[in-house]
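A.B. asks: Let me give you the structure first, and then I'll get to my questions.
The values are calculated or read from the model by the stated rules, or taken from the named source; none is laboratory data. Since the structure is predicted, the reported quantities are computational estimates derived from the model, not experimental observations. Don't worry about glycine lacking a Cβ; one is built from the backbone with ideal geometry, like all the others, and counts go over all protein chains shown. Please note that ligands, DNA and RNA were not included when accessible areas were found on the heavy atoms of the full protein model with its side chains. Shrake-Rupley method; radii C 1.70, N 1.55, O 1.52, S 1.80 Å.
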Amino acid sequence: LFMSGNPAFQLHALKIDGAIIAVAGVGRSLKRSYLMFVSYDAHIPAARASPGIYLTGVLVSEATLRDDHTFDFGIGDASYKSRLGGRPETAFVLLRATSVLGRLVRPLVAAAFVARTMVKRRPSRVPA
């Protein structure tokens with residue numbers, strides 16, 4: 001995908017000795033970057049150094065060099081987001097039922113969104 005000569009989605013990898021230890025996907029729109037996902041291999045010794053957070057920091061720096069106005073870390077309040085300069089942003093979900101079935105299911109979907117928000121705010125309270 002390309003937008004005005006700039007990729008609308010980028011896949012980044014962090015390598016050590018030729019092995020990929022972390023990956024991240026970043027979407028772009030105008031002057032805003034969106035961290036879509038970040039993942040790392042938890043089974044390698046380098047995982048203790050938080051390679052996903054390091055890679056995210058590099059991506060924030062790159063976005064700054066491109067003169068992006070915003071780097072969106074996504075939903076949740078993980079501590080690494082504030083350490084890298086993130087600020088809370090209110091998110092809204094609008095649920096509009098357009099059928100009889102939709103009106104019946106809407107309370108369940110709304111409850112699922114509330115539960116998801118609670119988990120994102122306090123992931124340590126979710127049993128493993």
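A.B. asks: Dipole of the chain (Lys/Arg Cβ +1, Asp/Glu Cβ -1, origin at the Cα centre): which of Ala78, Ile44, Ser29 lies farthest to the positive side?
C.D. replies: Ranked along the dipole, the leading option is Ala78.
A.B. asks: State the percentage of accessible surface on the chain attributable to carbon and sulfur atoms; use a 1.4 Å probe and exclude ligands, DNA and RNA. Let's see the in-between values first.
C.D. replies: Working: 5830 of 9660 Å².
Carbon and sulfur: 60 percent of the exposed surface of the chain.
A.B. asks: What dipole magnitude, in Debye to the nearest 20, does the chain give about its Cα centre under +1 on Lys/Arg Cβ and -1 on Asp/Glu Cβ?
C.D. replies: 620 debye
A.B. asks: Would you mind getting me the FRET efficiency between Ser99 and Ile75? Use the beta-carbon distance for r and R0 = 25 Å, nearest 0.05.
C.D. replies: 0.35
A.B. asks: Using every alpha carbon pair in the chain, what percent of pairs falls into each 5 Å bin from 0 up to the bin containing the largest distance?
C.D. replies: P(r) over the chain, rounded to whole percents: 2, 9, 15, 17, 16, 15, 12, 8, 4, 2, 0, 0.
A.B. asks: Please give the helix 51-65 orientation as an angle from the longest Cα principal axis of the chain, in degrees from 0 to 90, rounded to the nearest 10.
C.D. replies: 90 degrees
A.B. asks: Compute the accessible area per residue over the chain, keeping the other protein chains in place, probe 1.4 Å, unit Å². Can you show the working numbers first?
C.D. replies: Values: 9660 Å² over 128 residues.
For the chain, the solvent-accessible area averages 75 Å² per residue.
A.B. asks: Within a Cβ distance under 11 Å of Ile53, other residues only, what is the Lys/Arg minus Asp/Glu net charge?
C.D. replies: Residues close to Ile53 contribute a combined charge of +2.
A.B. asks: A further question follows. If I fit a long axis through the Cα atoms of helix 100-121 and take the longest principal axis of the Cα atoms of the chain, what angle between them do I get, 0 to 90°, rounded to 10?
C.D. replies: On a 0 to 90 degree scale, this one is about 40.
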